[in-house]
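Before any comments, here is the structure.
The values are calculated or read from the model by the stated rules, or taken from the named source; none is laboratory data. Note that the coordinates shown come from a computational prediction; the quantities given were computed from them, not determined experimentally. All Cβ positions, even for glycine, are placed from backbone atoms using ideal geometry, and neighbour counts span all protein chains on display.
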Amino acid sequence: MRSFAFTKAAALAAALLTVSCVTRKERETAGPVPRIDQILPGKVMAGVPFQVQPDGNSAISVTGANLSAGSRIRINGMPVVTAYGDGSALSGLVPKELFAEPGMYPLSVESASGDMSNTVPFIVLPRTGPQPVIKQVFPATAEAGKPFNEQPGGKSAVGITGEHFLPGAVIEINGEPQATNFIDTDRIAALVAPKFLSRAASLRITVLNIDGKRSAPGELILTAPK
Amino acid sequence: MIPPWFAHNSTILLHDITAGSFDLWLLARWTMQSIFLSLLVFLADLLLGSAILRVCRVRLPARLRGAAAIATGAGASAVLILVLGILRRILFPWVLGLTIASALAGIWLLLSKRGRWYVFGFAATLRSRWWLLVAPVAVFHTLSLLMPVMEFDATMYHQASARWYEETHRLAFNDSIRFNAQPHLPVLLFLRHRILFGEDMLVKLVNVEFALVLYLALAHFARRLRISSAWPVLFLLCSPAFVWIAQLDYVDFAMTVWFAAAVVLLIERRPAIGIAAFVLGCAAASKLQGTVMAGILGASYLLYRRDWRRVAALAAGVALLSLPWWLRSFRHTGSPIAPFFLPGNPESQYLFELSRKYGDGRDAIALLKLPWNAVAASPLVFADVFAMGPVLALGVAAGTLAIYRRKRPSAQTVFLSAVFFAYFLFWFRTGQVMRYLAAALPLLAMLVASAVAATRLPRWLLAPLAVAAFAISLLPSAMIRYRTLPPVRYKDKEGFLYSHLPYYSAARELRRVAHPAERTYLWFAEEARYYVPTRSTGDWFGPMRYGAIGASQEPASSMVGRIQEAGFNYLLIDRRLATHFGTYGEPWLSSGLVRQGGPLPAGLQPLYSDDRYALFRLH
């Protein structure tokens, strides 16, 4: 009787061990690896704060996938204080030492479990550079009094392609600075003040970089209303 | 007594368990597998211990036989690992072979002798219905034992030593690991587990073996008193500090249990003095505190039994088990119990000064307030994370009741009281660290059990006591403290350590760039030692202690220069502690080592920096 009970107990133990066996492969199962799609801003000026927060720190945003809780943005290998959201975005506070010198620094995201994302360049541009160059103005012509490239507020916008634009550069129309959005070193745009658009004229467009260098003028021609 | 974070953390833990992403089946299988594998090792100890009892012709009652067999087997296995260490053979095949050989030797010795199998003599204990009540709590605590290595002293020296021996394949002395010269026999059992299973998360399961010994010893004691074994066990569960040390990967729990087992063996009418001496020797070889406790026990036993030969046998057991450690310490430090008895070395004085800072005073008022402070005062006053709980108050109440009901205590009770109070007074006058007093709680549990027997407390009182004890025992649960279940997958373990150990991210960075043979100086970051992949130095103690590296008003560059000259490749700094504890003055505090963005001394390449830790490569 006792040996029968012992056999049952041994069989139960063997069955439990078989069922409970956790393989190394199971333990090695990896979670999703973080992925970076875009960072904002991707280019900044050396020593010039960007996306300034109330406490004076500069902030960078990262969008992508699997950016889970505990993930950290690393710039040039250094982790920055990172806040996470719904898994598709992170934001980090960038210490000024990390954008003090011009260069192209690798930016990646490290998950809590140590997985590294793809790397994207975080470009710190020098504070001075060549003279900006305007290649094309969009639109080159428009009808006076009629909006173009209309923006959510109803204002018109002018876009410029060219070279050597720096973060913080400003588009000027007839010498007057406009509300400008730096997109990249070869693209820049600004909202056009309505007073320039009421009558036919040739508007003188220039780009003024933060180092004081100004481009040769481009032109936006406003034709008379039809 | 209830930590402020307890309710919040419990809610988060419950939320995680009920979340859809949680893999309960995987955790359950992992837990079963871990326990099953550990049980095989414990079985080897049990067989070895039973064979030793058989060879020594020791006759004991069933439960005590079980306790003595496991305690002796575990001690003998630890000694065998020590021998492997001396022979420089701490390698997987040797440790596995030794474990199998000890089990086979145990079986052979048992089979070769006539008579009953002593191994299964204690199986009757398992029939108790009591286990149905205990099982859920036991499962909860078992899960806490599967947490990664992360407690402060474990990462600083207990488990750091185990890792060091595994890497060097011998018991190499390391003056960078705190207290490495002192005895630490249970570390060798942790070492066996980590080598056999290749997973450091399982080392705390060694405590299951000792919990079994303690239960069997107390169950035997209670049976002799003709009371339920639940009384002393539930009493111990009422102490968060005690349950906490039972969940830690420190040497304290093993020492506590070996000491308690020795006491229970000694109070038998015909004590197995050889086995008791061996088990007491294991306690003494666990840490210096164990040697002090063994001394107190020996002195008290002399008064109790007035038998010099037995006390001499006990002293021989302590000396024999401690001798390898004393010799090792003497060879490397010049003192058998470093840092004591080392003229000119300030560390023993510093240890005493540090110990005297703990507690709420050493006068009569402090003594009277202690049962209350053990419940209500912040446990940090007593240098620990968890409070002693109501056990001291319960002990006082039980003692008072027993004195009221029965005027003349038995000689055994007087003996147990003498040991407990002598140690208690030593603790009270030296270092009031709750963990150190918790080591004597099994004695208090025996005294309370004696009081229960003397006063014939009704059995129904066990029900409310069980509810209270089980609830209190959950307070120090590592799962609730860290708000999560044990990680099973490697990635989850990484995430767990990253989330809970503030230095882990810097250590991980070091793992990416450093070679294991390189050297890292840990400046105020000694708790990172276990997870730093290189050889590391830096502590409040030792030849390269913080005080020896830097001096007040000295520029950071000259302090870094000293570390460079000593041949270190990396420097890891805990900036917060460096600011808090640094006695180095402004030139140090304003440097880039401590302050983010501050000027860095020459020859340092920043590798990692967060809001607390900074890692540099030294040129």
Original post:
Is it true that A:ASN118 is within 13 Å of chain B (Cβ to nearest Cβ) and touching a strand residue (DSSP E or B) at 6+ places or on another chain (Cβ under 6 Å)?
Top reply: no
**OP:** Select from segment B:357-415 the residues that are among the hydroxyl-bearing types (Ser, Thr, Tyr) and part of a helix (DSSP H, G or I) and write down the one among them that is surrounded by the most Cβ atoms within 10 Å (Cβ to Cβ).
**Re:** B:THR413
Original post:
How many of the residues in segment A:51-66 are within 16 Å of the chain's Cα centre (by Cα) and within 14 Å of another protein chain (Cβ to nearest Cβ)?
Top reply: 1
Original post:
Can you name the residue in segment A:94-105 that is in a loop (DSSP other than H, G, I, E, B) and not aliphatic (A, V, I, L, M) and is also nearest to the other protein chains (Cβ to nearest Cβ) among such residues?
Top reply: A:PRO95
Subject >> Some residue of segment B:362-373 being of a type outside the set (S, T, N, Q) and within 21 Å of the chain's Cα centre (by Cα) >> reply: no
Original post:
Just for segment B:584-619: of the residues that are closer than 21 Å to B:ALA528 by Cβ and small (Gly, Ala, Ser), which one is nearest to the other protein chains (Cβ to nearest Cβ)?
Top reply: B:SER609
Original post:
Does B:ALA528 satisfy being in contact with a Phe, Trp or Tyr (Cβ under 9 Å, 6 or more places away or on another chain), surrounded by 21 or more Cβ atoms within 10 Å (Cβ to Cβ) and either within 30 Å of B:PRO339 (Cβ to Cβ) or not aliphatic (A, V, I, L, M) (or both)?
Top reply: yes
Subject >> Qualifying residue in segment B:158-171 (condition: in contact with an Asp or Glu (Cβ under 8 Å, 6 or more places away or on another chain), at pLDDT 95 or above and under 30 Å from B:VAL467 (Cα atoms)) >> reply: no
Original post:
For A:SER88, which of the numbered conditions (1) within 14 Å of chain B (Cβ to nearest Cβ); (2) free of Cβ contacts under 8 Å to residues at least 40 places away in the same chain; (3) not acidic (Asp, Glu) fails to hold?
Top reply: (1)
Original post:
Just one of A:VAL158, A:VAL137, A:VAL124 is under 27 Å from A:ILE75 (Cα atoms), of a type outside the set (Gly, Ala, Ser) and crowded, with 16+ Cβ neighbours inside 10 Å; which is it?
Top reply: A:VAL124
Subject >> Scope segment B:192-219; condition among the small types (Gly, Ala, Ser), farther than 23 Å from B:PRO487 by Cα and surrounded by fewer than 22 Cβ atoms within 10 Å (Cβ to Cβ); matching residues >> reply: B:ALA211
Original post:
What residue, of A:LEU220, A:LEU203, A:LEU197, A:LEU191, is under 18 Å from A:GLU143 (Cα atoms), surrounded by fewer than 18 Cβ atoms within 10 Å (Cβ to Cβ) and within 33 Å of the chain's Cα centre (by Cα)?
Top reply: A:LEU191
Subject >> Which numbered condition B:MET147 misses (of (1) in a helix (DSSP H, G or I); (2) under 30 Å from B:ALA376 (Cα atoms)) >> reply: (1)
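To keep it simple, each residue is scored yes or no on (1) in a helix (DSSP H, G or I); (2) free of Cβ contacts under 8 Å to residues at least 12 places away in the same chain; (3) at the interface with chain B (Cβ under 8 Å from one of its Cβ atoms).
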residue	(1), (2), (3)
A:ALA10	yes, yes, no
A:ALA13	yes, yes, yes
A:LEU16	yes, yes, yes
A:LYS25	yes, yes, no
A:ALA30	no, no, yes
A:VAL33	no, no, no
A:GLN38	no, no, no
A:PRO49	no, no, no
**OP:** Run down B:PHE278, B:PHE259, B:PHE253 and say which single residue is over 30 Å from B:PHE386 (Cα atoms) and in a helix (DSSP H, G or I).
**Re:** B:PHE278
Original post:
Looking at segment A:64-83, which of the residues that are surrounded by fewer than 16 Cβ atoms within 10 Å (Cβ to Cβ) and assigned to a strand (DSSP E or B) is modelled with the lowest pLDDT?
Top reply: A:VAL81
Original post:
Which residue, of B:SER34, B:SER21, B:SER38, is within 14 Å of chain A (Cβ to nearest Cβ) and outside any helix (DSSP H, G or I)?
Top reply: B:SER21
**OP:** Evaluate segment B:42-64: report whether one residue or more is free of Cβ contacts under 8 Å to residues at least 40 places away in the same chain, within 14 Å of chain A (Cβ to nearest Cβ) and part of a helix (DSSP H, G or I).
**Re:** no
**OP:** Can you tell me which residue among B:SER228, B:SER286 is assigned to a loop (DSSP other than H, G, I, E, B), modelled with pLDDT of 95 or more and not hydrophobic (A, V, I, L, M, F, W, C)?
**Re:** B:SER286
**OP:** Being buried (at least 20 other Cβ atoms within 10 Å of the Cβ) and either of a type in the set (Lys, Arg) or out of contact with any strand residue (DSSP E or B) (no Cβ under 7 Å at 6 or more places or on another chain) (or both) is the filter here, so list the residues in segment B:531-541 that pass it.
**Re:** B:TYR531, B:ASP539, B:PHE541
**OP:** Just name the residue that is farthest from A:ILE73 (Cα to Cα) out of those in segment A:111-121 that are over 17 Å from the mean Cα position of the chain (by Cα) and not in a strand (DSSP E or B).
**Re:** A:SER113
Subject >> Residues satisfying the stated conditions in segment A:139-175, i.e. in contact with a Pro (Cβ under 8 Å, 6 or more places away or on another chain), under 24 Å from A:LYS43 (Cβ atoms) and part of a strand (DSSP E or B) >> reply: A:VAL158, A:GLY162, A:GLU163, A:VAL170, A:ILE171
**OP:** Would you check if there is a residue in segment B:587-595 being within 27 Å of B:ARG512 (Cα to Cα), in contact with a helix residue (DSSP H, G or I) (Cβ under 9 Å, 6 or more places away or on another chain) and of a type in the set (Ser, Thr, Tyr)?
**Re:** yes
Original post:
Quick check, is A:SER108 part of a strand (DSSP E or B), hydroxyl-bearing (Ser, Thr, Tyr) and within 14 Å of chain B (Cβ to nearest Cβ)?
Top reply: yes
**OP:** Assess whether B:GLN159 counts as being under 15 Å from the mean Cα position of the chain (by Cα), part of a loop (DSSP other than H, G, I, E, B) and buried (at least 21 other Cβ atoms within 10 Å of the Cβ).
**Re:** no
**OP:** Determine which member of the set B:SER329, B:SER300, B:SER348 is at pLDDT below 95 and assigned to a helix (DSSP H, G or I).
**Re:** B:SER348
**OP:** Could you list all residues from segment B:416-441 that are outside any helix (DSSP H, G or I) and within 17 Å of B:PRO371 (Cα to Cα)?
**Re:** B:GLY431, B:GLN432, B:VAL433, B:ALA439, B:ALA440
Original post:
Taking into account only those residues within segment B:59-91 that are surrounded by fewer than 19 Cβ atoms within 10 Å (Cβ to Cβ) and among the basic types (Lys, Arg), which is farthest from the chain's Cα centre (by Cα)?
Top reply: B:ARG59
Original post:
Looking at (1) part of a strand (DSSP E or B); (2) in contact (Cβ under 8 Å) with a residue 40 or more places away in the chain, which is the only condition B:PRO606 fails?
Top reply: (2)
